[in-house]
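This report refers to the structure that appears directly beneath it.
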Amino acid sequence: MNRGWRLIGVEVRSRARGMALGVAVGLVWALSRVTVPFLVKVAIDRGITAGDTGALARWTGAVVAVGLVAAMTAGGRRFLAFREARAIEAGLRLRLFAHIQRLDFAYFDRSSAGDLMSRSNSDLLQIQNFLNMIPFTIGNAVQVAAAAVILVALNPLLA
């Protein structure tokens with residue numbers, strides 16, 4: 001079991017830059033998602049002021065800009081998560097295929113090729129699904145933490 005985790009670790013480290021970029025984009029997504037409602041609050045509070053006709057337009061522009069950042073990073077986070085997870089799965093699949101080719105012919109007399117293919121495919125799919133969720137999980141955790149901080153900062157008793 002430890003050899004398997006080490007093997008997964010080697011493949012993940014080979015794609016560490018892409019995984020880190022996916023997590024970073026997920027963090028920007030999370031923070032922008034939390035920022036939009038806060039900006040709406042500020043726009044309502046400060047958007048209509050006497051003598052400043054452009055205040056509402058500026059705050060609306062800020063909400064739209066941060067909303068665009070949230071939309072772009074949502075797509076980027078998904079793209080990077082899937083790209084890296086599939087690349088890691090492909091690397092593991094190549095290693096597995098090379099290992100299967102090195103097995104003795106007697107092994108295939110004892111084991112069904114269909115069982116071997118089914119098991120390897122489902123195991124690799126589970127690894128890919130786990131890796132897909134890393135940027136999503138980290139982003140969601142940061143989003144919940146940031147929302148909690150904002151709620152406590154705005155009204156500790158109500159939070």
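Structure values in brief
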| read-out | value |
| --- | --- |
| Only listed residue being of a type in the set (A, V, I, L, M), without any contact (Cβ under 8 Å) to a residue 12 or more places away in the chain and part of a helix (DSSP H, G or I), chosen from 147, 62, 85, 71 | 71 |
| In the range 111-135, the residues that are surrounded by 11 or more Cβ atoms within 10 Å (Cβ to Cβ) and of a type in the set (A, V, I, L, M) | 116, 117, 124, 125, 127, 131, 133, 134 |
| Selection within the range 66-83 - loosely packed, with under 14 Cβ neighbours inside 10 Å and of a type in the set (A, V, I, L, M) | 68, 71 |
| Hits in the range 84-110 (condition: surrounded by 12 or more Cβ atoms within 10 Å (Cβ to Cβ) and closer than 17 Å to residue 10 by Cα) | 84, 85, 86, 87, 88, 89, 90, 91, 92, 93, 95, 96 |
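Let's see how each residue does on (1) over 17 Å from residue 140 (Cβ atoms); (2) surrounded by 13 or more Cβ atoms within 10 Å (Cβ to Cβ):
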| site | (1), (2) |
| --- | --- |
| 2 | yes, no |
| 5 | yes, no |
| 13 | yes, no |
| 30 | no, yes |
| 56 | yes, yes |
| 63 | yes, yes |
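Values in this text are rule-based calculations from the coordinates and carry no lab data. Note that the coordinates shown come from a computational prediction; the quantities given were computed from them, not determined experimentally. Every residue, glycine among them, receives a Cβ derived from its backbone with ideal geometry; neighbour counts consider all protein chains shown.
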